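Okay, structure first, notes after.
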Amino acid sequence: MLKIKLYIVLALSLILNSCTSSKKVTEKRCASIVKNDFQNIIEEKFETIINQDTLFFTEVKFECVKNSFYTKKVMYDKFGKWDQEIYLKENSHPILLWNNLKLFPDDSTKFSVLANGLESSKTIYASILVFDKQNRDLLTEDNKYKTKLITYFSEMIRNNNAKKRGFYDIYWKTVDPERWERNKQYLKYR
């Protein structure tokens with residue numbers, strides 16, 4: 001039930017965020033992109049009301065990355081295949097969810113990590129949302145894990161091994177098998 005509630009909260013919040021007013025960016029935010037790094041960290045707050053419960057969560061975006069898949073790939077490289085794909089109507093790629101992960105060796109807390117990203121004409125980012133078993137947002141200002149999590153994912157992006165390509169094979173086989181077949185044909189003739 002908690003997993004379903006988390007999915008509903010995420011889906012509704014992202015939809016509501018696309019409808020809310022925010023600073024309009026009319027110029028390109030990323031003058032250049034950075035391989036295995038980022039130029040900015042942006043935190044966007046979301047609020048949604050479900051059954052008279054007001055719920056908040058934070059998406060941390062690593063902006064101006066070379067690849068919007070960075071957070072998805074580094075999660076796969078470290079923890080293997082994700083537990084669930086979450087498809088939202090307005091996104092061309094799913095958000096990937098990993099459940100019950102122990103991220104820090106000195107801490108027994110289990111985390112749920114959602115990895116997302118976007119490439120557009122104005123920006124490119126890879127992002128995360130992180131929750132505990134009670135679906136509490138761990139990236140809020142008052143959470144003891146916020147800085148530790150941002151540092152953790154920053155280092156994962158910086159230490160990305162571009163030679164490890166397994167994520168892309170599994171991702172495209174799962175998400176878009178037709179594209180995977182086209183990619184395989186292309187790779188044969190390289």
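The values are calculated or read from the model by the stated rules, or taken from the named source; none is laboratory data. Keep in mind it's a predicted model, so treat the numbers as computed, not measured. Don't worry about glycine lacking a Cβ; one is built from the backbone with ideal geometry, like all the others, and counts go over all protein chains shown.
Observations
- Scanning region 137-165 for residues that are touching a strand residue (DSSP E or B) at 6+ places or on another chain (Cβ under 9 Å) and either surrounded by fewer than 20 Cβ atoms within 10 Å (Cβ to Cβ) or of a type in the set (A, V, I, L, M) (or both) yields LEU138, LEU139, THR140, GLU141, ASN143, LYS146, LEU149, ILE150, SER154, ILE157.
- Just one of the listed residues (SER121, SER112) is loosely packed, with under 14 Cβ neighbours inside 10 Å and either under 20 Å from GLU44 (Cα atoms) or touching an Asp or Glu at 6+ places or on another chain (Cβ under 8 Å) (or both), namely SER121.
- Of all the numbered requirements in (1) loosely packed, with under 15 Cβ neighbours inside 10 Å; (2) over 13 Å from the mean Cα position of the chain (by Cα); (3) closer than 24 Å to ARG182 by Cβ; (4) of a type in the set (Phe, Trp, Tyr), PHE79 misses one, and that requirement is (3).
- Residue match in region 183-190 (condition: surrounded by 12 or more Cβ atoms within 10 Å (Cβ to Cβ) and at pLDDT below 95): yes
Conditions (1) among the aliphatic types (A, V, I, L, M); (2) within 18 Å of the chain's Cα centre (by Cα); (3) on the phi > 0 side of the Ramachandran plot, marked per residue:
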residue: ILE124; (1), (2), (3): yes, yes, no
residue: ASP132; (1), (2), (3): no, yes, no
residue: ASN135; (1), (2), (3): no, yes, yes
residue: TYR168; (1), (2), (3): no, yes, no
residue: LYS173; (1), (2), (3): no, no, no
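- Among the residues of region 90-100, none qualifies, meaning not one is β-branched (Val, Ile, Thr) and loosely packed, with under 13 Cβ neighbours inside 10 Å.
Okay, residues lined up against (1) assigned to a strand (DSSP E or B); (2) of a type in the set (Val, Ile, Thr):
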position: THR58; (1), (2): yes, yes
position: LYS78; (1), (2): no, no
position: ASN99; (1), (2): yes, no
position: THR109; (1), (2): no, yes
position: ASN116; (1), (2): yes, no
position: GLU155; (1), (2): no, no
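- Where LEU139 falls short, out of the listed (1) in contact with a Phe, Trp or Tyr (Cβ under 9 Å, 6 or more places away or on another chain); (2) not in a loop (DSSP other than H, G, I, E, B): (2)
- Residue check for ASP137: over 21 Å from ILE42 (Cβ atoms), out of contact with any Cys (no Cβ under 9 Å at 6 or more places or on another chain) and at pLDDT below 95: no
- Among the residues of this structure, VAL175 does not count as one that is touching a helix residue (DSSP H, G or I) at 6+ places or on another chain (Cβ under 7 Å) and surrounded by 11 or more Cβ atoms within 10 Å (Cβ to Cβ).
- Members of region 80-97 that are outside any strand (DSSP E or B) and over 23 Å from LYS163 (Cβ atoms): ASP83, TYR87, LEU88, LYS89, GLU90, ASN91, SER92, PRO94
- Some residue of region 88-106 being modelled with pLDDT of 95 or more, under 13 Å from the mean Cα position of the chain (by Cα), under 18 Å from GLU43 (Cβ atoms) and hydrophobic (A, V, I, L, M, F, W, C): no
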